[in-house]
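Remarks on the structure that follows.
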Amino acid sequence: EINGASIYQYADGDRLNTIRQALRQQADTLSETLKQTANRRGQLLSGCASVVPEWRRAVVTEKSVFTILNMLQFQGSTVVARGWCPVSEVENLKDALHEAELSCGASVATVVEELKTKEIRPTFFKTNKVTSNFQGIVDSYGIARYKEVNPGVFTIITFPYLFGVMYGDIGHGLILTLFASFLIFMEKNWEGKPLNEIFQMIFGGRYLLFFMGIFAVYVGVLYNDMFGFSAELFKSGYEWPELPPAGEAGTVYPTSPNGLPSIKPTNAVAFGIDSAWSETENKLEFYNSVKMKSAVVIGVVQMTIGVFLSLMNHIYYKDWIHVYFRFIPEIVFLSFTFGYMCLMIIIKWCTTWENTHLAPSLLETMTNFFLAPGTITVPLYSGQAGVQVFLLLVAFAMVPTLLCVIPYLEKKHADERAAAKKAGIPHHGHDGEEDDDDEPFEFSDVLIHQVIHTIEFVLGCVSNTASYLRLWALSLAHAQLSDVFWNFAFMMTVGLDDGSGIFVFVGFAVWISATLGVLLGMEALSAFLHSLRLHWVEFQGKFYYGDGIPFTPFDM
């Protein structure tokens, strides 16, 4: 008190206990209140969680509906809507509108009519869960123009076939097919559920993988190749002596045919390559020759189909100028050069040679075909020199035809249209319909475009044919890797094993790991990408514009 301090009375024991109990009771009450509040909040949030998807759906629906309503034209009590509808769905659209009229009690009937328009029509292809993968491959390159030939129809077969040519192996194809079959079997359990991003991509392409596996098995039977060793599924056309061999250094020679006059067996193997070639000294040389020539034939056939598909586009659009002065020069040039080379490959295959060294080199023949016309070192047939000179002259004559005629006719057509417009006379285009195109004609643009197209096609025939050699290269690489993994990772450990089985187990583990990781993972992906490139560039580049507009229907 002297120093100005405040004096407080200290509660005695009974009073202190009363205050402590009151505070504790107050704290318990607050804690219980907070607990009940949290429980109530949890109940409310739990109740809301079950209806949040419905609320979100309702919001999205309302937003979509009002977005569409903003696009409509209101004229008094009527509403005008313009949109695109697939022809196959027009009746369903009318039924849906009629049902909506009945449900809402509309007093005015809905009228649906087709309008004539010059707008670019969107493109729509009806697909299912099997064909959607192949259509997606094409759409990744570009959307087809309205009524343009759809490459997706051909891709269903050609894409897995080219994959099989590069990946042909019975064992690896079976594993790929079984894996895809498992994904298809689990389709109902996994579809629509959240999956790993990479696995979701693989699961989405399950039907594509299934077709790829089937064709890999098919081509593997043709190659007579299974995990790097020969699988004699069909009886060989060669007969062999009983072991031990009587030849020098353990070499075995067939007893029939014995090479006099030919090594061609009397009865060829029923399907694919004869298994006898798998153990020969010139195995690699033989497989190289067969696969390389097969790759060239496959490539030229597919490119020829692409050129004929361009004819279908020209005929549909009634573009007769391009039929006569683009398709015909292109197909003649391709057929008289590389089509002729494929014909020589088949003739050489079908000819029995007393000695394979007497057979002509087609590489040398085709080199002389372009660089030294009329020069034939070893003839394949009589009159070959004259035929090749004629084919070369006709093929080269197609180049100026392809280059000059179309720009000249387009310029002539533009001049006639301008003169008719000046005189007030309606002018008809190449398709017989009235031409009312008001876009200015630029001869330089047409000429440059035609020059680029001509150079691209002529040089593309060479580069694209060479590009198909990737079928041979990847097939050879796949077979050699399979052989290396089988012989050096597994068979070598079998010889080192002393009966304990440890070496065999380690060797098998290394072999199966390499098979799954390299051959079924990296090699399959590599073959897929190369097949994709062959379709996008070499095949679709011959006829596919890919500048269409996709059909995007109303979706909530």
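Identify the single condition in (1) open to solvent by less than 30 Å² (accessible area, probe 1.4 Å); (2) modelled with pLDDT under 90; (3) of a type in the set (Ser, Thr, Tyr) that Thr337 does not satisfy, given that it satisfies every other one. With (1) open to solvent by less than 30 Å² (accessible area, probe 1.4 Å); (2) modelled with pLDDT under 90; (3) of a type in the set (Ser, Thr, Tyr) applied to Thr337, the lone miss is (2).
Looking across segment 201-226 at every residue that is of a type in the set (Ser, Thr, Tyr) and in contact with a Gly (Cβ under 7 Å, 6 or more places away or on another chain), the one that is most open to solvent (accessible area, probe 1.4 Å) is identified as Tyr218.
Screening segment 179-200 for residues that are under 27 Å from His478 (Cβ atoms) and in contact (Cβ under 8 Å) with a residue 12 or more places away in the chain and picking the one that is surrounded by the fewest Cβ atoms within 10 Å (Cβ to Cβ) gives Ser181. Pairs are defined by a Cβ separation below 6 Å, a sequence spacing of at least 6 or placement on different chains, a first member in segment 272-294 that is at pLDDT below 85, and a second member that is of a type in the set (Phe, Trp, Tyr) and open to solvent by less than 40 Å² (accessible area, probe 1.4 Å); the pairs so defined are Ala276/Tyr238.
Of the numbered criteria (1) surrounded by fewer than 20 Cβ atoms within 10 Å (Cβ to Cβ); (2) part of a helix (DSSP H, G or I), the one Leu162 fails is (1). Scan segment 97-115 for residues that are loosely packed, with under 12 Cβ neighbours inside 10 Å and either on the phi < 0 side of the Ramachandran plot or not small (Gly, Ala, Ser) (or both) and the total you get is 12. Candidates Gly495, Gly517, Gly521, Gly507: the one that is surrounded by 19 or more Cβ atoms within 10 Å (Cβ to Cβ) and either free of Cβ contacts under 8 Å to residues at least 12 places away in the same chain or outside any loop (DSSP other than H, G, I, E, B) (or both) is Gly507. Look at segment 403-423: where a residue is part of a helix (DSSP H, G or I) and a partner is at pLDDT 90 or above and open to solvent by 60 Å² or more (accessible area, probe 1.4 Å), sitting 6+ places away or on another chain with Cβ atoms under 6 Å, you get Val405/Phe325; Ile406/Phe325; Pro407/Leu447.
Only residues that are of a type in the set (Asp, Glu) and surrounded by fewer than 12 Cβ atoms within 10 Å (Cβ to Cβ) were counted across segment 340-362, and they come to 0.
Residue-wise test of (1) within 40 Å of the chain's Cα centre (by Cα); (2) open to solvent by less than 100 Å² (accessible area, probe 1.4 Å); (3) among the polar types (S, T, N, Q); (4) at positive phi.
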| residue | (1), (2), (3), (4) |
| --- | --- |
| Thr18 | no, yes, yes, no |
| Ala22 | no, yes, no, no |
| Gln25 | no, no, yes, no |
| Asp28 | no, yes, no, no |
| Arg41 | no, no, no, no |
| Val51 | no, yes, no, no |
| Arg57 | yes, no, no, no |
| Met71 | yes, no, no, no |
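The values are calculated or read from the model by the stated rules, or taken from the named source; none is laboratory data. Keep in mind that this is a model prediction, so the values were computed, not measured. Cβ sites come from the backbone with ideal geometry, for glycine too, and all protein chains shown count toward neighbours. To get the accessible areas, we keep the full protein, side chains included, count just its heavy atoms, and leave off ligands, DNA and RNA. Shrake-Rupley method; radii C 1.70, N 1.55, O 1.52, S 1.80 Å.
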